[in-house]
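This report refers to the structure that appears directly beneath it.
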Amino acid sequence: MSSRVLIVDDEPDILFMIKVILRSEGYEVVAASGVAEARAQLSEDNPDLVLLDLRLADGEGWDVLRDLREDGRLERVPVVILSAHASPGTIQRALSEGAAGYVTKPFVTSELVGAVREHAYGN
Amino acid sequence: MLDYAIFLLDESGHILSWNAGAQRIKGYKPQEIIGKHFSIFYPEEDLAWDKPGRELKTALQEGRVEDEGWRVRKDGSRFWASVVITPLYEADGRLRGFGKVTRDLSERRLAEEHLRRSEEEFRMLVSHVTDYAIFMLDARGYVQTWNAGAQRIKGWTADEIIGKHFSTFYTQEDLDAQKPERELEMAKTAGRVEDEAWRVRKDGSLFWANVVITAVYDDDGHLQGFAKITRDLTDRRNAELAKDRFIANAAHELRTPLSVVIGLSSHLRNPKAVEDPEFPEQIDALARQAIRMRTLVNNLLDLTQIVQGKTRPLSEVRLDDAVERAMLTLPPPDGTSVDTAIGPETVRADPGRLDQVITNLLSNAYRYGGKRITLRSEARAPDLVVLEVADDGPGVSSELATVLFEPFKRGAETQAIEGSGLGLAIVKGFVESFQGRIDYAPADGGGARFLIYFKRGEDR
């Protein structure tokens with residue numbers, strides 16, 4: 001059975017691109033375009049990994065990260081942050097708030113796939 | 001000894017000898033002057049109170065007399081002289097006469113006068129400079145002088161601040177760190193210290209200051225005090241910060257399209273990618289994001305032109321033609337209607353930039369506005385044409401309305417809609433380059449409404 005990855009990003013073409021890349025690597029991919037959609041997905045799903053953008057149209061990725069860490073059912077789901085923010089402070093904060101990894105945009109395929117492979121099987 | 005007139009007088013002041021210096025300075029030859037009384041060298045006003053006689057008397061009493069004053073040459077011209085008269089005695093103590101040494105100080109006096117005047121001018125200059133605070137501190141840091149610039153930048157008048165310690169200008173944080181003392185110490189050691197930091201005005205507000213403190217020594221090498229020059233760089237700092245923010249924003253805006261282009265193109269290198277049924281969509285996404293980057297780069301170039309104040313020659317453009325061109329370039333999407341009511345007036349504009357202004361407002365209305373869009377024009381005053389672009393959509397929040405025309409300000413509700421965040425900044429810049437103005441004023445139903453004021457062309 002293939003691993004299932006939830007991608008949360010408000011840019012349709014980013015969602016599309018990640019979908020294309022991860023599918024070709026054999027992952028099953030579910031997409032959410034914002035905080036609300038992500039919460040809806042997570043309420044009925046238990047993905048093997050969440051790829052999470054921090055700046056979303058309807059709120060902040062930080063809120064989704066906190067939801068996940070505080071939910072008994074989902075607290076072990078690894079989260080990889082996918083963000084254009086590359087400051088050490090932001091990366092440090094993400095890791096201390098429970099993110100498993102951090103990939104800065106723009107990224108090449110191997111960076112994305114590497115992070116997904118490392119963390120999706122790591123839990 | 002050409003620089004000194006050295007000659008002898010007898011006990012009553014008649015000239016006994018004459019040297020080459022005396023001839024050069026005073027103009028008399030020996031045969032013309034020997035035997036004459038030395039009062040001949042004094043100007044009338046001095047003769048009136050018998051200055052020559054008094055000087056001889058003083059020389060006798062004091063052992064010598066020294067004087068600086070005007071003396072008269074043979075040709076009647078005056079020179080500024082330094083004079084020393086010394087009584088000379090015979091071996092038996094009888095007065096033999098006087099030795100007189102005279103120097104022409106006219107040049108020195110001129111130089112001194114010159115110096116005095118230039119110091120005066122310099123003081124005037126410094127006191128009137130308003131762009132720089134220039135003032136003196138004594139060796140312990142107490143304010144001794146104050147100029148117009150210091151008053152303008154820092155707020156205190158000379159009366160209020162002279163005598164106060166210069167630490168008054170520092171923030172509490174800098175005082176805790178003993179920065180004022182350290183800066184004087186450094187100026188003493190290194191001759192000069194420069195700092196760029198916050199300083200405090202009289203009203204307690206802060207300004208970003210460039211400060212240079214220079215140690216001032218007198219001729220003997222003793223520390224006299226410090227010269228302090230302060231500039232207010234607050235505006236420049238704000239401009240630099242705004243520029244940094246702008247560059248950070250532009251880089252950020254480029255990241256998303258770059259991510260897609262880099263991500264998809266590295267995926268598409270896989271030979272099997274072509275077999276993917278979604279292959280055409282992948283190519284489309286790639287092209288779409290490349291175009292988005294082109295748009296962003298073009299927008300940045302437009303804004304750069306605006307910031308640099310580059311204008312294009314204005315001509316008279318018919319507004320109805322411009323609106324028609326925009327509608328052809330950018331036809332409304334399905335379900336959206338555009339009503340136009342544009343008069344035949346011409347406006348002062350650059351045609352290319354005007355087209356960009358209208359298509360930009362139109363595409364904003366398509367993307368963020370409602371389904372009914374109206375474009376109307378109205379000739380108001382004899383030389384004013386107003387173009388109104390309105391829609392029946394949700395309009396703009398009041399917070400966003402205040403920063404609507406600033407670069408990279410976008411409403412939260414529009415984040416998901418593609419856009420560089422530069423469009424309205426460019427629209428505003430272009431309209432202003434037409435010597436016009438753009439305002440945002442909500443439409444009656446709450447929708448967005450932009451009002452553009454143009455200078456009317458000479459069509460009347």
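The values are calculated or read from the model by the stated rules, or taken from the named source; none is laboratory data. A quick note: this is a predicted structure, and the numbers were derived from the prediction, not measured. A quick note on method: Cβ atoms are made from the backbone with ideal geometry, for glycine too, and the neighbour counts reach across all protein chains shown. SASA here: full protein model, heavy atoms, side chains in, ligands and nucleic acids out. Shrake-Rupley method; radii C 1.70, N 1.55, O 1.52, S 1.80 Å.
How much net charge surrounds B:R372 when only other residues with a Cβ under 12 Å from its Cβ are counted (Lys, Arg +1; Asp, Glu -1)?
-2
Loop-only check: which trypsin sites (Lys or Arg not before Pro) in segment B:207-308 are DSSP coil with at most 16 other Cβ within 10 angstrom?
Those that pass, being in a loop and sparsely packed, are B:R269.
Out of all DSSP beta bridges with both ends in chain A, state the antiparallel percent to the nearest 5.
10
I'd like the antiparallel share, as a percent to the nearest 5, of DSSP beta bridges with both residues in the protein assembly as shown.
Antiparallel bridges: around 80 percent, rounded to the nearest 5.
For chain B, what proportion of DSSP beta bridges, expressed in % and rounded to the nearest 5, is antiparallel?
So the antiparallel bridges amount to about 95 percent of the total.
For labels at B:R237 and B:L115 in the simple 7 Å Cα→Cβ model, what's the distance in nm?
Taking the simple label geometry, B:R237 and B:L115 are separated by 4.1 nm.
If you consider only alpha-carbon coordinates, what radius of gyration and Dmax does the protein assembly as shown have, in Å?
43.1, 137
Using a Gaussian network model of chain A whose springs link C-alpha atoms within less than 10 Å, name the residue from A:V30, A:V103, A:V64 with the highest mean-square fluctuation.
Of A:V30, A:V103, A:V64, the Gaussian network model singles out A:V30 as fluctuating most.
Can you give the relative contact order of chain B as a percent, counting alpha carbon pairs under 8 Å and 6+ residues apart?
8
Going from most exposed to least, what order do B:V389, B:V307 have by accessible area with a 1.4 Å probe?
Descending order: B:V307, B:V389.
So how much accessible surface do A and B hide from each other in total, probe 1.4 Å, in square angstrom to the nearest 100?
In total, this chain pair buries about 1900 Å².
Please give me, ordered by residue number, the trypsin sites (Lys or Arg not before Pro) of segment B:106-182 that lie in loop per DSSP and have at most 12 other Cβ atoms within 10 Å.
Answer in residue order: B:R140.
Please find the FRET efficiency linking B:L60 to B:D219, where r is the Cβ-Cβ separation and R0 is fixed at 35 Å, and quote it to the nearest 0.05.
On the way: r = 36 Å, r/R0 = 1.04.
So, using R0 = 35 Å, E works out to roughly 0.45.
Express the C-alpha Rg of segment B:241-307 as a ratio against the empirical globular expectation 2.2 N^0.38 Å, rounded to two decimals.
1.43
Taking only protein heavy atoms and a 1.4 Å probe, what accessible area per residue, in Å², does the protein assembly as shown have with all protein chains in place? All intermediate terms of the calculation are to be shown ahead of the outcome.
On the way: 30470 Å² over 583 residues.
Each residue of the protein assembly as shown exposes 52 Å² on average to a 1.4 Å probe.
Quick one: length gained pulling B:S167 to B:E378 fully straight, 0.36 nm per residue minus the C-alpha distance? Don't jump to the answer; show the numbers that get you there.
Details: separation 211, 0.36 × 211 = 75.96 nm, distance 6.09 nm.
Taking 0.36 nm per residue and subtracting the Cα distance, the gain is 69.9 nm.
Can you classify chain A as rounded, prolate or oblate using the Cα gyration tensor, where a ≥ b ≥ c are the square roots of its eigenvalues, rounded means a/c under 1.5, and otherwise it's prolate if a/b beats b/c and oblate if not?
In terms of gyration-tensor shape, rounded.
Net charge near B:T336: determine it from the other residues with C-beta under 12 Å of the C-beta of B:T336, scoring Lys and Arg +1 and Asp and Glu -1.
Net of charged neighbours comes to -1.
May I ask you to list, by number, the DSSP H helices of chain B whose Cα span along the axis is at least 20 Å and whose average Kyte-Doolittle hydropathy reaches -1.0 or more?
On the way: long enough: B:106-128 (33 Å, -1.31); B:234-268 (51 Å, -0.20); B:279-307 (42 Å, 0.22); B:351-368 (25 Å, -0.40).
Helix filter hits for chain B: B:234-268, B:279-307, B:351-368.
Under a point spin-label approximation (7 Å from Cα along Cα-to-Cβ), what is the B:T295-B:R108 distance to one decimal in nm?
Placing both labels 7 Å beyond Cα along the Cβ direction yields 8.3 nm.
Taking a cut-off of 17 Å between Cα atoms, list the lysines near B:K26, but don't count ones fewer than 8 places away on the same chain.
B:K36, B:K74, B:K100
Under 17 Å from a label point 7 Å along Cα→Cβ of B:L95: give me every residue in segment B:47-69 with its amide N that close.
So the set is B:50-66.
Could you pull out every residue, at least 5 positions away or on a different chain, whose amide H is within less than 5 Å of the one on B:R437? Hs are placed 1.01 Å off N in the peptide plane, and Pro or chain starts have none.
Here B:Y453 satisfy the definition.
Starting from the Cα of B:K272, draw a straight line to each of the lysines and keep only those under 21 Å, dropping any in the same chain fewer than 8 residues away.
Within the straight-line cut-off, B:K272 pairs with A:K19.
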